[in-house]
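These notes concern the structure reproduced below.
Taken together, the values in this text are just the output of simple stated rules run on the coordinates, not laboratory data. For clarity, every value in this text was computed on a predicted model and none was experimentally measured. Don't worry about glycine lacking a Cβ; one is built from the backbone with ideal geometry, like all the others, and counts go over all protein chains shown.
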Amino acid sequence: MSDRPYHHGDLRRAILAAALDVIATDGPTGLSLRDLARRAGVSHAAPAHHFRDRTGLLTAIAAEGHGLLAGALAEATDLRDAGARYVRFAREHPAHFQVMFSPQLLRADDLELTTARALSAAALSNAVAATAPAGDGTDARLARIAVWSLAHGFATLLLGHNLDNLLGGEDPEEVLRALPMMLFPSA
């Protein structure tokens, strides 16, 4: 019998943190519940009590990420600020960002995930709606697609180091703040 106590503390959080570390260095394909259990110092079966399987763990990471993104976007003062906050989120939470937008890795019908996705989508929609006044002829759905595509594409290119030469030493968030002016002059 081991002298280690059975109770880990916050095993769920410990597994999530270890998974985020693995994803940040090896991507989601490098993730193994058995390895995460070893890192947390618990039995190989312990993570399954919280996540059932690898898909459940990745779904929990995506849900957490959407919640964090929703919080960041909810504080935006305008459309440019929302875009900058989106990019900042991607830079500060690259593992979340990578998993959030990989639907093949997730349980699409998970309640926590669908709720968190709805919150982040609503926060983005609110930023678009605040910039494009009703009745000006702007299709709110298309405006949301345009803004999301711009911010997400920029963040993805940034995380992949594809913009390094183009940005030079400029702050990526400030560069992104200038881009919506090309789509929405009143932003």
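Would you mind getting me the FRET efficiency between A74 and A140? Use the beta-carbon distance for r and R0 = 25 Å, nearest 0.05.
Approximately 0.90, to the nearest 0.05.
Loop-located GluC sites (Glu not before Pro) in segment 45-129 (DSSP state not H, G, I, E or B) with no more than 14 neighbouring Cβ atoms inside 10 Å: E75. Where [x] -0.48, -1.00, -1.36, -1.48; [y] -0.46, -1.07, -1.63, -1.84; [z] -0.56, -0.98, -1.22, -1.30 are the candidate values, the label of the one calculated here for log10 I(q)/I(0) by the Debye sum over Cα atoms at q = 0.11, 0.16, 0.19, 0.20 Å⁻¹ is [z].
The distance separating the Cα centre of segment 86-131 from that of segment 23-75 comes to 16 Å.
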